[in-house]
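The values are calculated or read from the model by the stated rules, or taken from the named source; none is laboratory data. Bear in mind the structure is a predicted one, so any value in this text is a computation, not a measurement. No Cβ is skipped: glycine too gets one built from the backbone with ideal geometry, and neighbour counts run over all protein chains shown.
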Amino acid sequence: MRRLLLIPLLCCLAFGQTVLAPKTVAAPKTVVIGQPAAGGGGTAPTIVQAGACTSGGTSCTITMTTTTGHELYAAVSSYQAGVNSISGTGATFNQANVQKTQGNLGQETFLASGITGGTNVVYTCATTNGATSLSCILIELTAGSTHSVDQVAAGSGASGTSLSSGATSATTQANELALGCAVIAGAQTFTAGGSYALVTISIGSTTLQACESLALTSTGAQTATMTIGAVEDWILQLSTLN
C-alpha cells in the first residue's frame, strides 16, 4: 500500500514539476461615479467660453460651437419680469438659482450638464412676459466632479452701489467654481468684487447684466460682491459648481 502512494509523488519529482502557492488577490475597489475621492478636493469646472444676447422682446439667441460632455451655465434676466428660461439642442437646463426679483427686475440661473455639443448650436433665452429688455449670458464649462450645483445664494436691493449675494452654506468640496451673476436696471459700470474676475457683460435696452467667477480651493461659505457706478435696482445671484 505504501508503494502505491509513493508512485504519484516520485512521478512528479521525476519530471521536475513545480507546485506554485496560490496568489493573493486584492479586494476590488469600489468607485462611485460622479463623486470626488474621499478626503479629496474633487475637480472644479473651468470656463471655456461665454456668450450673451439681448432683446427688446421676449426672446434672444446665442450661437456657440460647444463640446460634448461639457456643461452650460446661464443667467437669464428680464425687465417686467416673467418666467425666464433657456433651451437648446443637446442640452437640458435645470434651475440653479430660483427667480429673484427687485422692482421690475427678475433673474434666474440654469445649469445643463453632460451636453451634446455641436457646431453653431443655437440656444434660445426667453421670458413669458412682454419684457422691454431681455438679457442672457451663457457660459460653457468643462465638467466638474459631480456635474452639479453645490450651494447658492441671492441678494437684491434698491440703494447703494455695493452689491452682495449674501453667504451660501459651506461648500462640500474644496475645488469648486463660484459664478456670480448680476442684473441692474440701468446702464452703469460693473466692477468685480474681491478676487472675482468679470466673465462677460450683456447690455440690454434698459438693463445691464454681468457675470464674475472665482476658482475656490477650500470649503466654506461663499459670497459674491460687485460694485456699480450709480444707484440702481439690482440682483446678484451666486452658484458654486463642482
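Only one of (1) within 21 Å of Ile203 (Cβ to Cβ); (2) at pLDDT 95 or above is not met by Thr171, so which one is it? Single failed check for Thr171: (1). Summed over the range 155-172, residues that are out of contact with any Lys or Arg (no Cβ under 9 Å at 6 or more places or on another chain) and assigned to a strand (DSSP E or B) total 4. Applying the criterion of being part of a loop (DSSP other than H, G, I, E, B) and under 20 Å from the mean Cα position of the chain (by Cα) to the residues of the range 44-60, the residue that is surrounded by the most Cβ atoms within 10 Å (Cβ to Cβ) is Pro45.
Here is the figure for the range 188-204: residues that are under 22 Å from Thr46 (Cα atoms) and either without any contact (Cβ under 8 Å) to a residue 24 or more places away in the chain or surrounded by fewer than 15 Cβ atoms within 10 Å (Cβ to Cβ) (or both) total 4. Screening Ala215, Ala182 for residues that are assigned to a strand (DSSP E or B) and within 14 Å of Ser162 (Cα to Cα) leaves exactly one candidate, Ala182.
Restricting attention to the range 225-242, the residues that are part of a loop (DSSP other than H, G, I, E, B) and under 15 Å from the mean Cα position of the chain (by Cα) add up to 1.
Is the range 153-160 home to any residue that is in contact (Cβ under 8 Å) with a residue 24 or more places away in the chain and either among the β-branched types (Val, Ile, Thr) or touching a helix residue (DSSP H, G or I) at 6+ places or on another chain (Cβ under 6 Å) (or both)? Scanning the range 153-160, I find no residue that is in contact (Cβ under 8 Å) with a residue 24 or more places away in the chain and either among the β-branched types (Val, Ile, Thr) or touching a helix residue (DSSP H, G or I) at 6+ places or on another chain (Cβ under 6 Å) (or both), so the answer is no.
In the range 70-88, the condition of being at pLDDT 95 or above and part of a loop (DSSP other than H, G, I, E, B) is met by at least one residue. Looking across the range 44-94, just one residue is in contact with a His (Cβ under 7 Å, 6 or more places away or on another chain) and either of a type in the set (Gly, Ala, Ser) or farther than 25 Å from Ile235 by Cβ (or both), and that is Val48.
Residues being buried (at least 17 other Cβ atoms within 10 Å of the Cβ) and more than 30 Å from Ser55 (Cα to Cα) are represented in the range 209-217 by at least one member.
One line per residue, one yes/no per condition, for (1) part of a strand (DSSP E or B); (2) among the hydrophobic types (A, V, I, L, M, F, W, C); (3) in contact (Cβ under 8 Å) with a residue 40 or more places away in the chain; (4) more than 26 Å from Ile62 (Cα to Cα):
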{"site": "Ala174", "(1), (2), (3), (4)": "no, yes, yes, yes"}
{"site": "Gly186", "(1), (2), (3), (4)": "no, no, yes, no"}
{"site": "Thr206", "(1), (2), (3), (4)": "no, no, yes, no"}
{"site": "Cys211", "(1), (2), (3), (4)": "yes, yes, yes, no"}
{"site": "Gly220", "(1), (2), (3), (4)": "no, no, yes, yes"}
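When Val152 is tested against (1) touching a Leu at 6+ places or on another chain (Cβ under 8 Å); (2) in a loop (DSSP other than H, G, I, E, B); (3) under 25 Å from Ala192 (Cβ atoms), only condition (2) is not met. Only a single criterion out of (1) assigned to a strand (DSSP E or B); (2) touching a residue at least 60 places away in the same chain (Cβ under 8 Å); (3) aliphatic (A, V, I, L, M) is not satisfied by Ala143, namely (1). Checked against (1) of a type in the set (Asp, Glu); (2) over 17 Å from Glu108 (Cα atoms); (3) buried (at least 24 other Cβ atoms within 10 Å of the Cβ), Glu232 meets all criteria but (3).
Given the conditions (1) surrounded by 24 or more Cβ atoms within 10 Å (Cβ to Cβ); (2) under 13 Å from the mean Cα position of the chain (by Cα); (3) polar (S, T, N, Q), and given that Gln151 satisfies all but one, which numbered condition is not satisfied? Failed condition: (1).
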